[in-house]
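Read through the structure below, which is laid out as structure tokens, and then see the notes.
The values are calculated or read from the model by the stated rules, or taken from the named source; none is laboratory data. Model, not experiment: these values are computed from the prediction. Here the Cβ positions follow ideal geometry from the backbone for every residue, glycine too, while neighbour counts run over all protein chains shown.
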Ligand code: SF4
């Protein structure tokens, strides 16, 4: 059985890849056993993201009734967000699709900005206090932004095409529900635009024409209670680093190796893990968890 089948997934989320850099076993256990309980901090983080999105983008009030409707809404919302980038020099919450090593990838970019005439990929991370993240906490965030950067580039240079997208998500067969089309009409969206074929083309063309993507990547750490910026962390995109990361990440998804627990020097992470001592006992029973 493939890893995707075992985890009941069709594609890999970029956040799954980021989680592999925190604890791969935890990421796997989350899919197998669920970890649905959102902490107060996580809920506050989600709320903050929604508030920030509404600040830059026009909210799209569409209620999908089917998978086709959902895909349409996703692409339409992201296309609108990409138009906002052209108009305002910044935008938020842009969905991105890709394919690497034979796997479909999907993710949502927090923020795209025009800085020094290039488009920069930026991620917001909320924290429960003003302390800066340590290197282990920052690594998953860095990996996430590097993959987003690479997926956008793949669309722009034709490594990932509209045809690839159609095949991956069977969009040629998708038909919008009548109810959803009524919602589109109520929003004064022309009838000629009420199709997957229109919206997927629109999305790909917007990504291709949005402008050159910069090599400087940004992670903004925000205090989720005060909403103040703690620090904006800048780093350079490295293709070599991304390739190294792909090699590590996809070995797991290809089933070449099992999910790794954290190494001994990072067993302090287990203290924050809901599976500690239950589904995962790798470091359980060790008296001194530092
Ligand atoms: S208990 Fe530790 S090693 Fe096991 S899944 Fe959780 S974080 Fe990973």
Residue in region 209-223 that is over 19 Å from the mean Cα position of the chain (by Cα), assigned to a helix (DSSP H, G or I), closer than 22 Å to residue 136 by Cβ and free of Cβ contacts under 8 Å to residues at least 24 places away in the same chain present: no
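Which of the helices (runs of 4 or more DSSP H) contained wholly in region 1-57 include at least 2 residues that are closer than 20 Å to residue 277 by Cα and either modelled with pLDDT under 90 or within 16 Å of the ligand (Cβ to nearest atom) (or both)? Quick ask: steps written out before the conclusion?
Values: elements: 3-6, 14-33, 40-56.
Hits in region 1-57: 14-33.
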Candidate set from region 76-92 (those that are surrounded by 18 or more Cβ atoms within 10 Å (Cβ to Cβ), out of contact with any strand residue (DSSP E or B) (no Cβ under 7 Å at 6 or more places or on another chain) and in contact (Cβ under 8 Å) with a residue 24 or more places away in the chain); member that is nearest to residue 124 (Cα to Cα): 79
Residue within region 134-151 that is modelled with pLDDT of 95 or more and more than 20 Å from the chain's Cα centre (by Cα) present: no
Conditions (1) within 27 Å of residue 110 (Cβ to Cβ); (2) at pLDDT 95 or above; (3) within 16 Å of the ligand (Cβ to nearest atom): number failed by residue 280: (1)
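Residue by residue through region 109-148, note down the ones that are in a strand (DSSP E or B) and buried (at least 19 other Cβ atoms within 10 Å of the Cβ). It would help to see each step written out before you state the result.
So the first thing to find is which residues in region 109-148 are in a strand (DSSP E or B), and the list is 109-115, 118-127.
The answer is 109, 110, 111, 112, 119, 120, 121, 122, 123, 124, 125, 126.
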Whichever residue in region 7-26 is farther than 21 Å from residue 244 by Cβ and free of Cβ contacts under 8 Å to residues at least 24 places away in the same chain and, among such residues, is surrounded by the fewest Cβ atoms within 10 Å (Cβ to Cβ): 8
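Would you check if residue 269 is surrounded by 13 or more Cβ atoms within 10 Å (Cβ to Cβ) and within 16 Å of the ligand (Cβ to nearest atom)? Don't jump to the end; show me each part of the working.
On the way: surrounded by 13 or more Cβ atoms within 10 Å (Cβ to Cβ): yes; within 16 Å of the ligand (Cβ to nearest atom): yes.
In short, yes.
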Matching residues, region 249-266, being touching a residue at least 40 places away in the same chain (Cβ under 8 Å) and more than 9 Å from the ligand (Cβ to nearest atom): 249, 250, 252, 253, 254, 255
